[in-house]
Amino acid sequence: MPGAEQPAPKEEPETLMILAIETSCDESAVAILRQTATAPAEILCSLVSSQIELHRSYGGVVPEVASRNHSLILRSLVEQALDEAGLQSNNIDAFVATRGPGLSSSLLVGHTMAKALAAASGGNFLSVNHMEGHLLSPFLSNSRTSWKSPGLMIPAHLALIVSGGHTMLIHARQAGDYHMVGRTVDDAAGEAFDKVARMLGLPYPGGPEIEKQARKGNPEAFQFPRSMPGELNFSFSGLKTAVRYTLPKIDDLTTRAPDICASFQRAVTDVLVSKSLRAAHECGCNIITLSGGVSCNKAIRSALNDKCMAEGLHFLACPPGLSTDNAAMIAFAALLKIRNGATGSMSEDIDPNFSLC
């Protein structure tokens, strides 16, 4: 119940078992993470139930459809995760859920489930910022991470988070200490991909479809704008509008669609890469990380990696399997909080606009 007192925290065990639930949008996800105080985290199980097919006919996510399907599948996902990990709920030290940002009706389903599990088993409950999960995900399975007891040490770095609803540049001094360097002032990069794909009659979600078309196109065919070159904030609405005004001038759109996609993708990539490098230099960071659903785009990933190599910077990208919304990244963010003294509270509520910094 909201406002109920959190059970007295148990003494932090040598080995932590964390079960996390992620329902910020249209993916129902459950993961179980195990970590000892002297070793990297181990993902025992990571399950994601996608709703893409349910929302495809609408061309985007319908909140009511998303939350209803979270409610239908989440219990069975939790049971499956525990079964695959060979655990019972009373073996879990902390139950974790995404607090926000996201769709309020979707967040509420996962948040309520994690609280109920914690109350029933006597475990701890924590809620996590969805974007912090993305930000930290490159370190979940990367060997460059420095693991030290009693806490998990995340090196200072410049994080580029690119997803359907967010485009952010964040100076992460350490886990939990973040400074916003740049963010989108209108459409996020992923949103622009989806809207341009819709203009071209490509299926939802648009990002993978544009990337597929772009492989067959000429990225120099159309000179689309690179907006806001003098600052670190992002704007992709002008690029989207430029594509819209270009389409009526093309006689055979089917033939030229690959060139449109390649040129659009190159414009987005150029902006993301140039601003990330500039931000890293201004913040004095020698590590740049890339995460979020759009980080699956191979052109963006490759271009940023090449630029970092050319300028003597380290580049860490989130593995594709952890790039889209998942619960393993939420569990990892919670793990860092717990190892650094956080206890959580049953009084925490969802926050659809939960700010990272």
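The values are calculated or read from the model by the stated rules, or taken from the named source; none is laboratory data. Because the structure is predicted, anything quoted here is derived from the model rather than measured. Because the Cβ atoms are built from the backbone with ideal geometry, glycine has one as well, and the counts that use them run over all protein chains shown.
Among the residues here, residue 114 qualifies as at pLDDT 90 or above and either in contact with a His (Cβ under 6 Å, 6 or more places away or on another chain) or buried (at least 17 other Cβ atoms within 10 Å of the Cβ) (or both).
Among the conditions (1) closer than 20 Å to residue 98 by Cα; (2) surrounded by fewer than 24 Cβ atoms within 10 Å (Cβ to Cβ), residue 293 misses just one, which is (2).
Among residues of the range 62-86 that are loosely packed, with under 13 Cβ neighbours inside 10 Å, none has a Cβ under 9 angstrom from a residue that is of a type in the set (Asp, Glu) at a sequence gap of 6+ or on a separate chain. Residues in the range 331-357 that are on the phi < 0 side of the Ramachandran plot and in a loop (DSSP other than H, G, I, E, B): 16 in all. Cβ-Cβ contacts under 7 Å between residues 6 or more apart (or on different chains), taken from a first residue in the range 287-315 that is in the same structural domain as residue 164 (by TED's automatic domain parsing) and farther than 22 Å from residue 329 by Cβ to a second residue that is small (Gly, Ala, Ser) and outside any strand (DSSP E or B), are listed as 299/214; 313/280.
Let's see how each residue does on (1) outside the structural domain of residue 302 (by TED's automatic domain parsing); (2) in a helix (DSSP H, G or I); (3) over 23 Å from the mean Cα position of the chain (by Cα):
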residue	(1), (2), (3)
201	no, no, yes
211	no, yes, no
228	no, no, yes
232	no, no, no
238	no, yes, yes
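Each residue in the range 249-263 was checked for being assigned to a helix (DSSP H, G or I) and either free of Cβ contacts under 8 Å to residues at least 24 places away in the same chain or within 31 Å of the chain's Cα centre (by Cα) (or both), and 10 of them qualify. For the range 230-247, the set of residues classified as in contact (Cβ under 8 Å) with a residue 12 or more places away in the chain and either of a type outside the set (Gly, Ala, Ser) or on the phi > 0 side of the Ramachandran plot (or both) consists of 231, 232, 233, 234, 236, 239, 240, 243, 244, 246, 247, listed by residue number. Of the conditions (1) within 17 Å of residue 29 (Cβ to Cβ); (2) modelled with pLDDT under 95; (3) in contact with an Asp or Glu (Cβ under 7 Å, 6 or more places away or on another chain), residue 71 clears all except one; give me its number. The failed condition is (3).
Looking only at the range 305-330, filter to residues that are under 13 Å from the mean Cα position of the chain (by Cα) and outside any loop (DSSP other than H, G, I, E, B); which one of those is surrounded by the most Cβ atoms within 10 Å (Cβ to Cβ)? For the range 305-330, the residue satisfying everything is 330. Residue 246 meets each of the listed conditions (1) among the hydroxyl-bearing types (Ser, Thr, Tyr); (2) within 24 Å of the chain's Cα centre (by Cα); (3) farther than 24 Å from residue 274 by Cα apart from (2).
Criterion first (under 30 Å from residue 136 (Cβ atoms), free of Cβ contacts under 8 Å to residues at least 12 places away in the same chain and not assigned by TED's automatic domain parsing to the domain that holds residue 55) does residue 187 satisfy it? The answer is no for residue 187. One residue stands out in the range 331-356 among those that are over 14 Å from the mean Cα position of the chain (by Cα) and under 14 Å from residue 136 (Cα atoms): the one that is surrounded by the most Cβ atoms within 10 Å (Cβ to Cβ), namely 334.
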